[in-house]
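**Q** Pasting in a structure now, in structure tokens, and then I'll have a few things to ask.
Every number in this text was worked out from the coordinates using simple rules, so none of it is lab data. It should be emphasised that the depicted structure is a prediction, and the values quoted were computed from it without experimental measurement. Glycine gets a Cβ as well: all are built from the backbone with ideal geometry, and neighbour counts include every protein chain shown.
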Amino acid sequence: MKGQGKRWGTLGDSITAANGYQPIVRAALGFSEVLNYGRGGCPMTAGGATDEGATVNMAAGIDAGLDCVTVFAGTNDYRLDKPLGSRDGYDPLTFVGAYRTLIESLLAANPGCRLSLWTPLQRDKDGYDIVRPNAPGHRLGDYAEAVSALGREYALPVLDLYAESGLNRLTLPLFTDDGLHPNERGHARIAAIAIPFLERI
């Protein structure tokens, strides 16, 4: 989509809240406004101490007139031991259920908006990487695959940063400050992938 005169809302965690990739994308595609709904430290999934900032709950309060909405979540669900849930469930206390709730509520309120789902990036921080299972037994890649599956189910474009960003255990020191949070170079890499992705949808 061409961004000229269009408004973009970004949902997600601290990577989105940092407002690093958005200005680059906005400059390239010409969005008239970018609204940042990212909340640091918060997962997609509702419940617990992070409930207020959970992406599913943040989505309920976004501007209903947005032309484009991107959802970039999952790494905190893995780190905070949120269960994946059943593939067809709606329980907002599970990752899939919360994500499904978000998709359906957003599209019910704004069916004309171009909604896209972004998988989490690979990570290596605090002992949580792409190999270690969390308490429920899920690996980070399981959350990324759940995002891709939801995209297929709802015919929504998926930006597979987990598989295509080039951020991995060998390059994370170059693109992040701490093995998780992108530095300037990392945000530029995300933007470089997001620009053609958003342009084609």
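**Q** Amide H to amide H, which residues 5 or more places from THR176 or on other chains are under 5 Å from it, using H placed in the peptide plane?
**A** So THR176 has HN proximity to ASN183.
**Q** On full extension of the chain, what length is gained from GLN4 through ARG169, given 0.36 nm per residue of separation minus the C-alpha to C-alpha distance?
**A** Stretched out fully, the GLN4 to ARG169 stretch lengthens by 55.7 nm.
**Q** Moving to a separate point now. When the chain is treated as a GNM, springs tying every alpha-carbon pair under 10 Å, which of SER32, SER116, SER148 comes out with the largest mean-square fluctuation?
**A** Of SER32, SER116, SER148, the Gaussian network model singles out SER32 as fluctuating most.
**Q** Principal axis lengths of the range 1-65 from Cα atoms, whole Å, largest first?
**A** That gives 39, 24, 14 Å along the principal axes, largest extent first.
**Q** With N set to the residue count of the range 110-178, report its C-alpha Rg divided by 2.2 N^0.38 Å to two decimal places.
**A** Here the answer is 1.26, to two decimals.
**Q** Please list, in chain and number order, the residues 5+ apart from LEU115 or on another chain whose amide H is under 5 Å from its amide H, with Hs placed from the backbone.
**A** Those qualifying (amide H under 5 Å, at least 5 residues apart or on another chain) are VAL69.
**Q** When a footprinting reagent is the concern and you count Cβ atoms within 10 Å, what order do MET44, MET1, MET58 take, fewest first?
**A** The fewest-first ordering by Cβ neighbours comes to MET1, MET58, MET44.
**Q** Taking the simple approach of a point 7 Å from Cα along Cα-to-Cβ for both ARG185 and ASP126, what is their distance in nm?
**A** About 2.5 nm, to one decimal.
**Q** Could you work out the longest stretch of the chain that avoids the trypsin sites (Lys or Arg not before Pro) located in DSSP loops with at most 12 other Cβ atoms within 10 Å?
**A** 88-201
**Q** Here's another thing I want to ask about it. Taking θ as phi - 60°, what are the ³J(HN,Hα) couplings along the range 33-44 by the Karplus curve (6.51, -1.76, 1.60), each to the nearest whole Hz, with x for Gly and Pro?
**A** Values per residue, Gly and Pro as x: 7, 10, 9, 9, 10, x, 10, x, x, 10, x, 5 Hz.
**Q** Roughly how many nanometres apart are two label points built 7 Å out from the Cα toward the Cβ at ASP177 and ALA192?
**A** My value for the distance between the label points is 2.2 nm.
**Q** Run through the DSSP bridge list for the chain and note the antiparallel percent, rounded to the nearest 5.
**A** Approximately 15 percent, going by the DSSP bridge assignments.
**Q** Return the sequence-ordered ³J(HN,Hα) values of the range 133-142 in whole Hz as given by the Karplus equation 6.51 cos²θ - 1.76 cosθ + 1.60 applied to θ = phi - 60°, using x for Gly and Pro.
**A** x, 7, 4, x, x, 9, 9, 4, x, 5
**Q** In deg cm²/dmol and to the nearest 500, what is the mean residue ellipticity at 222 nm of the chain if only DSSP H runs of at least 4 residues count, each as -39500 (n - 2.57), divided by the residue total?
**A** -10500 deg cm²/dmol
**Q** Could you calculate the contour length gain from LEU35 to SER86, that is, 0.36 nm times the residue separation minus the distance between their Cα atoms, to one decimal place in nm?
**A** This chain segment gains 15.2 nm when fully extended.
**Q** Something else: Just the number: Rg to Rh for the range 7-200, Cα atoms, Kirkwood Rh, two decimals.
**A** 0.93
**Q** Provide TRP118, TRP8 in ascending order of the number of other Cβ atoms located within 10 Å of each residue's Cβ, fewest first.
**A** So the ranking, lowest neighbour count to highest, is TRP8, TRP118.
**Q** What FRET efficiency comes out for the pair GLU104/GLU145, r = Cβ-Cβ distance, R0 = 25 Å, nearest 0.05?
**A** After rounding to 0.05, the efficiency reads 0.80.
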